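Note sheet for the following structure.
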Amino acid sequence: MKSARALADAALARDILAGARIIRLLDDRDEHGIEALAHLYPSSGRAYVLGVTGPPGAGKSTLVSKLIGALRKRDLTVGVLAIDPTSPFSGGAILGDRVRMQEHATDEGAFIRSMATRGQLGGLSRSTFEASAVLDAMGFDVVLVETVGVGQDELDVVELAHTTVVVSVPGLGDGIQAMKAGILEVGDVHVINKSDLPGADELERQLHVMLETEAHREGAWKPRLLRTVAEKGEGVEELVDGCFAHREHLQATGEDERVAARRAEHFFLEILRDEVSARILAFARGDAAGAALLEDVRARRRDPYAAAAALLDAFEANPQTKR
Amino acid sequence: MPRTLRVLVAKLGLDAHTIGVTVLARALRDAGMEVIYSGLRQTPEMVANTAIQEDVDVVGLSSLSGAHMKHFPQVVELLAAKGAGEKLVIGGGVIPDEDVSALKEKGMAEIFTMGTDTRDVVKYLDTWWADGDGAP
Ligand SMILES: Nc1nc2c(ncn2[C@@H]2O[C@H](COP(=O)(O)OP(=O)(O)OP(=O)(O)O)[C@@H](O)[C@H]2O)c(=O)[nH]1
Ligand SMILES: [Mg+2]
């Protein structure tokens, strides 16, 4: 195998094979991938990251495919990360998003990657941030991220994307559910897809009322509400225009810096959390004190909080854990 | 952490029967693999590009329309030409026995003819993976 450095250099020169391999290594938490990312990361931060989220079957993939086409017509290169769930039973997954995007499979300016969540909650996969940074560093102008079909409270995509598109469809319950899911607050652009189906007008009325009654700060972005028929490509140009209008708003107000800072913080803290817990758990497993504390909790001699605090004290006092 | 085996399942040719590949995709998922399904009517060029973008270890080709002698080897050639010749390419579908050895000579690792139990495919891939052929 090529060295991490060679892989990273090739990826920076837009070598698809190398970029695809780095994403794989990162997804597998392979140290070569982490090393390659270290070389790539300084070159990331230029791409426009566009998130597409919404309930299962809303037409996200169909819409993403049309977005790829529209962006390519505007002479932009596009990287796509399409996420589907990992089965909690087997650890396997069937990743079918790209079925709807295959018309772009032979376009050199489009790179489509399917990712399985691999246990990550929040609507993204375990290494979506990493993969996005790789595509970004490779020089793709736009990175499109399709989340898993979300229910409630799975909105990590807003930490990654400059613009979040929330897709709704007629006939999937009323707008109250959207409000409950918190999905309304995160949409910069709202799309009613399948607007060829009955109920689209009613849904549009409901969403319109809700968006109008949202508290609105002076000078803040006013979410757009659009209709599409993704299958026929209807409304897609308007959607792209709406997204770019949001991007221009971010740039004009300097808010894009805040997006970048928020993404960096989320990315960093997420990794830190993983690393910290992995180290401490490894210590707890390898140390006799860990087993004794667990036994204390089981026998109700100590409560779990007290046991955790005692373990952390032992971790901090252990000379081998100091670096 | 063990690597997760990634498999592309692609249908070449013009037929529209998806039951076979769907059953196979489920069996592979249930065996813990990540299965990328790319849909019907794929061309060899689409399959090769998809396999590279997805960085799969295995490419599973299905053909029921009789185009396997032409299309399967094209996928193998394209992968090699694009620098991804290390991927394992297997095939299945309506394939006469007399074509099997010809396909293997052209770089197909294994051919599963009609009526193969999906468990045999899982076992074949597990063995190949465990033998370390798939190490990067
Ligand atoms: N009537 C109608 N059907 C559509 C439209 N857009 C997509 N569909 C259909 O909706 C179904 C689901 O489409 P997908 O694009 O796979 O939906 P998705 O949101 O990506 O689905 P998941 O990724 O599984 O959550 C498919 O059968 C599409 O053909 C539309 O505008 N109108
Ligand atoms: Mg989808």
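Below is a table of values for the structure above.
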quantity: Segment B:56-69, residues that are of a type outside the set (Gly, Ala, Ser) and open to solvent by less than 30 Å² (accessible area, probe 1.4 Å); calculated: B:Val56, B:Asp57, B:Val58, B:Val59, B:Leu61, B:His68
quantity: Qualifying residue in segment B:70-82 (condition: in contact (Cβ under 8 Å) with a residue 12 or more places away in the chain, assigned to a loop (DSSP other than H, G, I, E, B) and open to solvent by 20 Å² or more (accessible area, probe 1.4 Å)); calculated: yes
quantity: Which numbered condition A:Ser87 fails, given (1) open to solvent by less than 30 Å² (accessible area, probe 1.4 Å); (2) in contact (Cβ under 8 Å) with a residue 12 or more places away in the chain; calculated: (2)
quantity: Top-ranked residue in segment A:84-104 [being in a strand (DSSP E or B) and touching a helix residue (DSSP H, G or I) at 6+ places or on another chain (Cβ under 9 Å); ranked as farthest from the other protein chains (Cβ to nearest Cβ)]; calculated: A:Asp84
quantity: Hits in segment A:9-21 - residues which are in a helix (DSSP H, G or I) and more than 9 Å from chain B (Cβ to nearest Cβ); calculated: A:Asp9, A:Ala10, A:Ala11, A:Leu12, A:Ala18
quantity: Neighbours by Cβ (under 6 Å, 6+ apart or cross-chain): first from segment A:35-61, in contact (Cβ under 8 Å) with a residue 40 or more places away in the chain; second aromatic (Phe, Trp, Tyr); calculated: A:Ala47/A:Phe140
quantity: Sole residue being open to solvent by 40 Å² or more (accessible area, probe 1.4 Å) and outside the structural domain of A:Lys60 (by TED's automatic domain parsing), chosen from A:Arg247, A:Arg262; calculated: A:Arg262
quantity: Residues (away from chain B (no Cβ under 14 Å), within 16 Å of ligand 2 (Cβ to nearest atom) and not in a helix (DSSP H, G or I)) located in segment A:33-83; calculated: A:Leu50, A:Gly51, A:Val52, A:Thr53, A:Gly54, A:Pro55, A:Pro56, A:Gly57, A:Ala58, A:Gly59
quantity: Qualifying residue in segment A:125-147 (condition: touching an Asp or Glu at 6+ places or on another chain (Cβ under 8 Å), within 14 Å of ligand 1 (Cβ to nearest atom), open to solvent by less than 10 Å² (accessible area, probe 1.4 Å) and in a loop (DSSP other than H, G, I, E, B)); calculated: yes
quantity: Condition check for B:Ala48: among the small types (Gly, Ala, Ser) and surrounded by fewer than 24 Cβ atoms within 10 Å (Cβ to Cβ); calculated: no
quantity: A:Asp107 being under 22 Å from B:Met33 (Cβ atoms), more than 7 Å from chain B (Cβ to nearest Cβ), touching a residue at least 24 places away in the same chain (Cβ under 8 Å) and open to solvent by 10 Å² or more (accessible area, probe 1.4 Å); calculated: no
quantity: Any chance B:Val100 is under 30 Å from A:Pro88 (Cβ atoms) and of a type in the set (Val, Ile, Thr); calculated: no
quantity: Residue check, A:Gly96 open to solvent by less than 10 Å² (accessible area, probe 1.4 Å), farther than 16 Å from A:Phe268 by Cα and touching a strand residue (DSSP E or B) at 6+ places or on another chain (Cβ under 9 Å); calculated: no
quantity: Qualifying residue in segment A:189-200 (condition: away from ligand 2 (no atom under 16 Å from the Cβ) and closer than 30 Å to A:Ser44 by Cβ); calculated: yes
quantity: Sole exception among (1) out of contact with any helix residue (DSSP H, G or I) (no Cβ under 8 Å at 6 or more places or on another chain); (2) under 20 Å from A:Ala58 (Cα atoms); (3) modelled with pLDDT under 95 for A:Gln152, by number; calculated: (1)
quantity: Qualifying residue in segment A:74-83 (condition: at pLDDT 95 or above, touching a strand residue (DSSP E or B) at 6+ places or on another chain (Cβ under 9 Å) and not assigned by TED's automatic domain parsing to the domain that holds A:Leu197); calculated: no
quantity: Residue check, B:Ile95 over 23 Å from B:Trp129 (Cα atoms), buried (at least 20 other Cβ atoms within 10 Å of the Cβ), β-branched (Val, Ile, Thr) and in contact (Cβ under 8 Å) with a residue 24 or more places away in the chain; calculated: yes
quantity: Residues located in segment A:10-56, provided they are farther than 26 Å from A:Asp107 by Cβ and within 16 Å of ligand 1 (Cβ to nearest atom); calculated: A:Pro55, A:Pro56
quantity: Strands (runs of 3 or more DSSP E) wholly inside segment B:2-64 containing at least 1 residues that are at the interface with another protein chain (Cβ under 10 Å from one of its Cβ atoms) and closer than 15 Å to A:Met101 by Cβ; calculated: B:6-11, B:34-37
quantity: Any hit, segment A:174-182, residues being within 14 Å of chain B (Cβ to nearest Cβ), over 27 Å from A:Leu250 (Cβ atoms), in contact with a helix residue (DSSP H, G or I) (Cβ under 8 Å, 6 or more places away or on another chain) and modelled with pLDDT under 95; calculated: no
quantity: Residue count, segment B:20-45 (criterion: buried (at least 24 other Cβ atoms within 10 Å of the Cβ) and among the acidic types (Asp, Glu)); calculated: 1
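The values are calculated or read from the model by the stated rules, or taken from the named source; none is laboratory data. Keep in mind that what you see is a predicted model, and the values were worked out from it rather than measured. Neighbour counts are summed over all protein chains in view; Cβ atoms, including those assigned to glycine, are modelled from backbone coordinates with ideal geometry. Heavy atoms of the whole protein, side chains included, go into the accessibility calculation; ligands, DNA and RNA do not. Shrake-Rupley method; radii C 1.70, N 1.55, O 1.52, S 1.80 Å.
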